[in-house]
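Participant: Pasting in a structure now, in C-alpha cells, and then I'll have a few things to ask.
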Amino acid sequence: MSPGIQKVEALDAGHLVRVEWEDGSESRYPCVWLRDNCQCPHCFLHSARARKLLFEDLDVNIVVKEVTLADRKKISIKWPDEHASEYEAEWLKKRCFSEEARAEMRKTLFLPEYQYWGSDLQLPKMTFEDIMYNDESAYRWLCTLKKVGIVILTGAAARQGELIKLGHRIGFLRLTFYGPTWQVQDKADANNVAYTTGKLCFHTDYPVLQHPPGVQFLHCIKQTATGGETEVVDGFHACNKLKQQNPQAYQILSSTAVDYTDVGRDYCDFAVQCKQRIIDVDSRGQAVRINYNNATRDTVFDIPAEKVRPFYAALKEFNDLLNSAELKFTHKLKPGDILTFDNWRVLHGRQSYPSGSEVTRHLEGAYADWDVVMSRLRLLRKRVLKTD
C-alpha cells in the first residue's frame, strides 16, 4: 500500500515543508531540495530520469509561496516565481531525511551488509547454467557475491570463452593491459608472477590502477594433480581484527600511500604507476577496499625514512593475520569451476605446483567493475521482485 498524507504545512519561514503521514509519522523536506527536484517536464527529463534544471537557476534560499494537499497521495507547491511543482506521496516517503529512511535507502541501493568469514567459510555454490539462464538464480548469485564476497559457479565447459558469456550476462567485462580475458598458466619469460608455477601470496589484483577492478572471475580449465590449491581470505574481516589488536598499525596502513608499478607488454605495451593505501577507509574509518599486491609493490617508496620501518611492521602484522589458520580458506578448483569474488575485499593466493614440459594447470581470468555488477543486480531485483 502506498503511504497517505494526513497534513502538509510550511515551517521555518517557508524554508521547510513538513508532511504528516496517516500512520502518525512525519517527514521534513528543505525547500531548496524540493525545488531542485521538481518533477515537471520543464525541470526533469523523464525519458532519461535526469534533472534539466540548471544549478545556476536554483535559488538556494528559496521559500514556498503556497503548499497544499491536493489529495492524500500528492502535495502541490507554488513558488515565488509562480512555478508549480507536484510531489507524489510514495516518492516523498522514500526520500524522507530521517536516519531510518536514509538507512533503508542505502540498504536498497547499495546492499552494504557484509557477512564476514574465516577458515570456517561455507563456500557458496551455484551452477553456471542456472545463473546464465535463470534471473532468480542470477540475482541470488550477485546478492551473495556482494554480501559474502565470494561464490563458486560449477558446471561451466572446460574451455576458454565461458567468461565472455558471463560478462555478457552482467553487462560487459573490464578491459585491462592483460586483455579482456587472460590465461593463468606457466609461461616462458612470464610478464606476471601468476604466469609461473610458484606460490602466490595473498593479494588483490591490480592495485597499480587508480581504480582497481571490483570483481574477479577465475575459470578452471585444467587442474594439476598435485598442488595449485587456491587460497582466499576475507580482507575486511582481517582489517577489523587488525583495528582491534593494533589500532596504530591500522592507522599506518590506512594513511600511508604505497607506490605500485607494472611495466611490460601483453594486450599492448604498458608502464603503469600508482599510489594506493593498503587499506582504503570511509569517513567512519571502516575498510572499503584493500590494495595489496606484494609482487607489484614498487622499490620506490615515497615516504620519510623514519616512517619506513613502522610501515613494514604494520604490514607484517596484517600479512600474518591474512595467513593465520583462523582466517584463510583453501579450496582446489576443478575443471568447469568459476570462482567469482570481490577483488576489493577478498585476497587470494595459490599454492605452488610442479612444473612440467606441458601446461598442467590453466585458469582463464577476467574482471568486471562493481558499477556494472551492481547495475545488473538492481535490474534483476526489479524483474525478480517486481519492484519499482
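The values are calculated or read from the model by the stated rules, or taken from the named source; none is laboratory data. Values in this document were obtained by computation on a predicted structure and should not be read as measured data. Because the Cβ atoms are built from the backbone with ideal geometry, glycine has one as well, and the counts that use them run over all protein chains shown. For accessibility, only protein heavy atoms count, side chains too; no ligands or nucleic acids. Shrake-Rupley method; radii C 1.70, N 1.55, O 1.52, S 1.80 Å.
Participant: Can you report the principal axis dimensions of the chain using only the alpha carbons, biggest first, rounded to whole angstrom?
Facilitator: Projected onto the principal axes, the Cα atoms of the chain cover 81, 55, 41 Å.
Participant: Let me ask you something else. When the accessible area of the chain is computed with all protein chains present and a 1.4 Å probe, what percentage of it is carbon and sulfur? Could the numbers behind the result be given before it?
Facilitator: Numbers: 9960 of 19360 Å².
Summing carbon and sulfur atoms, their accessible area is 51 percent of the total for the chain.
Participant: Now for a different question. Set the Förster radius R0 to 30 Å, insert the Cβ-Cβ distance between residue 159 and residue 375 as r into 1/(1 + (r/R0)^6), and round the FRET efficiency to 0.05.
Facilitator: Rounded to the nearest 0.05, the efficiency is 0.60.
Participant: Is there a quick way to get the dipole size of the chain? I mean about its Cα centre, with the Cβ of Lys and Arg at +1 and of Asp and Glu at -1; what is the value in debye to the nearest 20?
Facilitator: Result for the chain is approximately 620 debye, rounded to the nearest 20.
Participant: With the crude spin-label approximation of a point 7 Å out along Cα→Cβ, what separation in nm comes out for residue 147 versus residue 7?
Facilitator: Each label point is offset 7 Å from its Cα along the Cβ direction, giving 4.1 nm.
Participant: Compute the whole-percent fraction of alpha carbon pairs in the range 317-388 spaced more than 19 Å apart. Numbers along the way, then the final one.
Facilitator: Working: 1527 of 2556 pairs.
Value for the range 317-388 (Cα pairs over 19 Å): 60 percent.
Participant: Based solely on its DSSP helices, what 222 nm [θ] is calculated for the chain when runs of n ≥ 4 H residues each add -39,500 (n - 2.57) and the sum is averaged over all residues, nearest 500 deg cm²/dmol?
Facilitator: It comes out at -8000 deg cm²/dmol, rounded to the nearest 500.
Participant: I would also like to ask the following. With every protein chain left in place, what is the accessible area per residue of the range 5-101 in square angstrom, probe 1.4 Å?
Facilitator: The answer is 59 Å² per residue.
Participant: Residues of the range 286-311 with the amide nitrogen closer than 16 Å to a label point 7 Å from the Cα of residue 266, along Cα-to-Cβ, please.
Facilitator: 292-297
Participant: Related question: Could you work out the mean projected area of the convex hull around the alpha carbons of the range 5-101, in square nanometres to one decimal?
Facilitator: Convex hull of Cα atoms, orientation-averaged projection: 6.4 nm².
Participant: Quick one: length gained pulling residue 282 to residue 188 fully straight, 0.36 nm per residue minus the C-alpha distance?
Facilitator: 29.7 nm
Participant: Among 61, 14, 251, whose Cα sits farthest toward the positive end of the charge dipole of the chain (+1 at Cβ of Lys/Arg, -1 at Cβ of Asp/Glu, about the Cα centre)?
Facilitator: Ranked along the dipole, the leading option is 251.
Participant: I've got another one for you. Per residue, what accessible area does the range 134-247 have, given a 1.4 Å probe and all protein chains present, in Å²?
Facilitator: Heavy-atom accessible area per residue stands at 37 Å².
Participant: How high is the FRET efficiency from residue 32 to residue 359, r the C-beta distance, R0 56 Å, rounded to 0.05? Please report the intermediate quantities before stating the final value.
Facilitator: Values: r = 63 Å, r/R0 = 1.13.
Efficiency computed from Cβ-Cβ geometry: 0.35.
Participant: I would also like to ask the following. Stretch residue 351-residue 199 to full length: gain in nm at 0.36 nm per residue minus the Cα-Cα span?
Facilitator: The residue 351-residue 199 span can extend by a further 54.3 nm.
Participant: Could I ask something else about it? Simple spin-label model, 7 Å along Cα-to-Cβ: residue 98 to residue 325 in nm?
Facilitator: Label at residue 98, label at residue 325, 5.1 nm between them.
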